[in-house]
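Everything on this sheet refers to the single structure shown next.
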Amino acid sequence: MKTIMMWSLKGGTGRTTVCANLGGLLHHQGRHCFLVDTDPQNMLALHLGMQVGERYGLALPEVTEHELAAYKRRNPSPIPHLPFGSCGVDELLTIARRADEAPDLLLERLSVLAPPRTEAVIVDAPPLVSPWTHSLVRRSDFVLLVLAPDAACYATLPALQEMVALREDQSTVAFVVNKMDPRVEFNRDVRAAMEQLLGDRLLPFSIPIDGAFPEALGRQLLLREHSPNSLALNRLRELAQWVVEHVLDT
Ligand SMILES: Nc1ncnc2c1ncn2[C@@H]1O[C@H](COP(=O)(O)OP(=O)(O)O)[C@@H](O)[C@H]1O
Ligand SMILES: [Mg+2]
């Protein structure tokens, strides 16, 4: 079982969107994925059509079989996933403290919660550096960083590189540009500058900016259901194939 962390330092680059759609495509190909939301924004399950404001999720100190069964009855999604769950500030602080004291706990917990035969746990990680992201960066099998082709994201690259330098094997780190508009010269320039810094760790294809993404989220659908003939979906398929070849089947 491989753990893939989807991350960026900056919010809004499309981590959750890519995580949900990548997981959905892999699931559709018959690969056994378990999508996990570790971000208190709690957005991942929305992409999968689930109800807003669910208490059930990773934030609960214990997730019992009984609660899982009840959640599944309320939210019948074919794609195995674990929401973050809505919780209060005190609970968030407790979670952060626990992650600081026991950095292995999160991945250990996910390996227990993953359904049998899971091949890939795809983790939607929160932005910024925290005990959780620090532990995920060091301990996941693969880190996939989602970048937007803008100045703010470019400015995060030195800090991102410092974080991923904590990993022994740099071949298990990749960067992908999302929200790319190839007609915009500035987007092309930022992508080229990112490529200079990151070399072949930056994937050769980008996911285009496409209004179908927010529309799909508004309808709580994945892109393959909302916009099955889009270029963006083809690029997501390319990403899924890349993940199969470079992560799942290695
Ligand atoms: N390729 C894209 N084109 C257009 N909008 C996108 C794209 N990717 C994501 N979005 C939109 O950007 C917003 C933020 O995306 P999200 O995945 O929630 O970011 P993050 O998880 O990194 O904070 C959402 O409204 C989403 O629909
Ligand atoms: Mg998100």
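Each value in this text was obtained by applying a stated rule to the coordinates, not by laboratory testing. Here the structure is a predicted model, which is why all the values come from computation and not from measurement. Heads up, the Cβs are rebuilt from the backbone with ideal geometry, glycines too, and the neighbour counts pull from every protein chain shown.
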Item to complete: Compute the signed sum of charges (Lys and Arg +1, Asp and Glu -1) over the other residues within less than 15 Å, Cβ to Cβ, of Ala151.
Response: 0
Item to complete: Any chance you could check the Cα centroid distance between region 98-168 and region 34-86 for me, in angstrom?
Response: 19
Response to the item:
Scalar couplings 3J(HN,Hα) for region 207-218 by Karplus 6.51 cos²θ - 1.76 cosθ + 1.60 (θ = phi - 60°), nearest whole Hz, x for Gly and Pro, are 8, x, 6, 8, x, 5, 5, x, 5, 4, 5, x
Discussion item. With only alpha-carbon pairs counted, each pair once and no self-pairs, how large is the Kirkwood hydrodynamic radius of the chain in angstroms?
Written reply: 18.3
Worksheet item: In what sequence, highest mean first, do 178-188, 10-20, 107-117 appear when ranked by Cβ atoms within 10 angstrom?
Response: 10-20, 178-188, 107-117
Discussion item. Show me, for region 5-12, the HN-Hα J-couplings you get by feeding each phi into the Karplus relation (A = 6.51, B = -1.76, C = 1.60, θ = phi - 60°), rounded to Hz, glycine and proline as x.
Written reply: 9, 9, 8, 7, 6, 8, x, x
Worksheet item: Rounded to the nearest 500 deg cm²/dmol, what is the calculated helix-only ellipticity per residue at 222 nm for the chain, with -39500 (n - 2.57) per DSSP H run of length n ≥ 4?
Response: -12500 deg cm²/dmol
Worksheet, complete the sentence: The aspartates and glutamates whose Cα lies under 18 Å from the Cα of Lys72, excluding any fewer than 8 residues away in the same chain, are Asp37, Glu54, Glu62
Worksheet item: Among the lysines, which fall within straight-line cross-link reach of Lys10, defined as a Cα-Cα distance under 23 Å, with same-chain neighbours fewer than 8 residues apart omitted?
Response: Lys179
Response to the item:
Sorted by chain and number, the residues with a modelled amide H under 5 Å from that of Lys2, at a separation of 5 or more or across chains, are Ala120, Val121
Worksheet, complete the sentence: Long-range amide H partners of Leu202, meaning residues 5 or more apart or on another chain whose placed amide H is closer than 5 Å, are Phe175
Worksheet, complete the sentence: Around Tyr56 (Cβ within 9 Å, Cβ-to-Cβ, excluding Tyr56; K/R +1, D/E -1) the net charge comes to 0
Worksheet, complete the sentence: Over all viewing directions the Cα convex hull of region 6-83 casts an average projected area in nm² of 5.4
Worksheet item: Which net charge results for the neighbourhood of Arg97, defined as the other residues with beta-carbon distances under 12 angstrom from its beta-carbon, given Lys and Arg at +1 and Asp and Glu at -1?
Response: -3
Item to complete: Starting with the highest mean, order 37-44, 214-221 by the number of other Cβ atoms within 10 Å, averaged over the residues of each peptide.
Response: 37-44, 214-221
Worksheet item: Taking a quarter of the surface of the Cα convex hull of region 46-128, what do you get in nm²?
Response: 6.1
